[in-house]
Amino acid sequence: MRRPSLAARVVIATLLVAAVAAGASAALVSWTASAPLAALTSIVIAVPLAIWAARLATNSWSQVIRAVRDGVLSLRDHDFSISIAPLPGGELRELVTAYNSLGDLLRRERLDLYQRELLLDTVIQTTPLVMVLTNSAERIVYSNVAARQLFHGGRKLEGLDFPNLLASSPAALREALSATGDTLFTMEVAGEPQVYHLSQRRFHLNAQPHRLLLLKQLTRELAAQEVAVWKKVIRVIAHELNNSLAPISSLVHSGRLLATGPQLERVFTTIGERTAHLTSFIDGYARFAKLPRPRPAPVSWPDFLARLEGTTAFRIEGELPRTPASFDVSQLEQVMINLLKNAAESGSVREEVVVSVRESPAAGAGFLMEVADRGSGLAEEVLRDALLPFYSTKPTGTGLGLTLCREIVEAHGGRLSIANRPGGGAVVSVWLPPS
């Protein structure tokens, strides 16, 4: 048999109370024979009985409502542990079931979130990358184990003033952190020079500016690369020296046998040529190793390209930017001469060697300069290794031309890249930062 609803129970209780009150009233009427007094007496008896019956009928409903109210307040305070005992039936059963389901869902989501946060914190704390987060007041709000070991002997960093903490740090670290961009620097750690890469990023968190500092130690990687490069340098230099000294030695021996005669002039002419080649080779490496720092100055693009007209044939494609650039004219001129020479030697017709300069449409995004040709293009392995030191596809090349170009461009804060040109040929792109 179905249990009556809450509203039905309230109505039944009220009717019973009314019936009892009516019977009592009739009895009083017969006893007192006074209608006004009977009405007043009936009201006095019926009202308290009705209130008592209503409370009795709605007692379980009130308990559930209070429990749900307390549960909602707990949810607001991020306490998802409260559940309500399920009711055997009635209209409030669905409400209790919905509330308990919501609590179970929130508990599972909080557990999943906690597990993800724990995983992320474990990764951050165990990485060798030094990580420090500071707020707008330069107070440290977060750091990992590597940061605590580097800056504070493994002790806690949160809450400390970062500039005061850096006061006792090496000068190289303070100088690197004073810059606004990414940089490489060397500082002494535990009595040994260590190379670090510093990356800085600024962002807003909770509408407040923050700065994230990342320090990565590159000593081991750079040492391995340095050994590999020096091995290649030694091989290249030994090869070139042997190629030049072997014929010189042979010709000197021949010159001793041919002390007189017309062949003596040819012998010493060859000696002079090989010596000159060896001198030029060594001078090229010396220029690469002693590249001076750039001295930027405002430059007009039409004036700059006009300086290159006497070097090799090329044509300008598109309109030149009206906004002047800022770079070391002599160094960028050397870059363009090398690129134009490579384009001319690619097998391209002279009319297809083009130079274009355009300003990036984004505000303050710098300039993009391209040197393109219609030669045979570049193989995949050449594209991969073209910018490596000492790599060359020319029989008499030193492998320093493009490397020197890249060093100059990067010294200006720019980038150099090489790609094959659609339709045939190659294109070298040089991006320079805004003035």
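The values are calculated or read from the model by the stated rules, or taken from the named source; none is laboratory data. What you see is a predicted model, and the numbers here were worked out from it, not measured in a lab. We place every Cβ from the backbone using ideal geometry, glycine too, and count neighbours over all the protein chains shown. SASA here: full protein model, heavy atoms, side chains in, ligands and nucleic acids out. Shrake-Rupley method; radii C 1.70, N 1.55, O 1.52, S 1.80 Å.
Does Arg148 qualify as being surrounded by 12 or more Cβ atoms within 10 Å (Cβ to Cβ) and of a type in the set (D, E, K, R)?
yes
Counting only residues that are acidic (Asp, Glu) and over 16 Å from Glu370 (Cβ atoms), which one in the range 284-319 is modelled with the lowest pLDDT?
Taking the candidates together, the pick is Glu309.
Does Ser168 qualify as being farther than 30 Å from Asn206 by Cα and not acidic (Asp, Glu)?
yes
List pairs: first residue in the range 407-434 and under 16 Å from Glu333 (Cα atoms), second residue surrounded by fewer than 15 Cβ atoms within 10 Å (Cβ to Cβ) and among the charged types (D, E, K, R) anywhere in the structure, Cβ distance under 8 angstrom, at least six positions apart or on different chains.
Every condition considered, the pairs that remain are Ala411/Arg293; Leu416/Glu410.
Is it the case that Leu332 is in contact (Cβ under 8 Å) with a residue 40 or more places away in the chain and either open to solvent by less than 30 Å² (accessible area, probe 1.4 Å) or in contact with a helix residue (DSSP H, G or I) (Cβ under 8 Å, 6 or more places away or on another chain) (or both)?
Criteria met by Leu332.
Kindly indicate whether Val96 is assigned to a helix (DSSP H, G or I), open to solvent by less than 70 Å² (accessible area, probe 1.4 Å) and modelled with pLDDT of 80 or more.
Yes: the conditions hold for Val96.
Residue check: is Glu370 modelled with pLDDT under 85, charged (D, E, K, R) and closer than 18 Å to Glu333 by Cβ?
In short, no.
Just give me the residues in the range 151-165 being under 24 Å from the mean Cα position of the chain (by Cα) and open to solvent by less than 50 Å² (accessible area, probe 1.4 Å), in sequence order.
Phe151, Leu157, Phe162
Residues of the range 106-129 being outside any helix (DSSP H, G or I) and open to solvent by 100 Å² or more (accessible area, probe 1.4 Å), which ones?
Pro128
With respect to Arg211, is the statement that it is under 19 Å from Ala146 (Cβ atoms), basic (Lys, Arg) and without any contact (Cβ under 8 Å) to a residue 40 or more places away in the chain true?
No.
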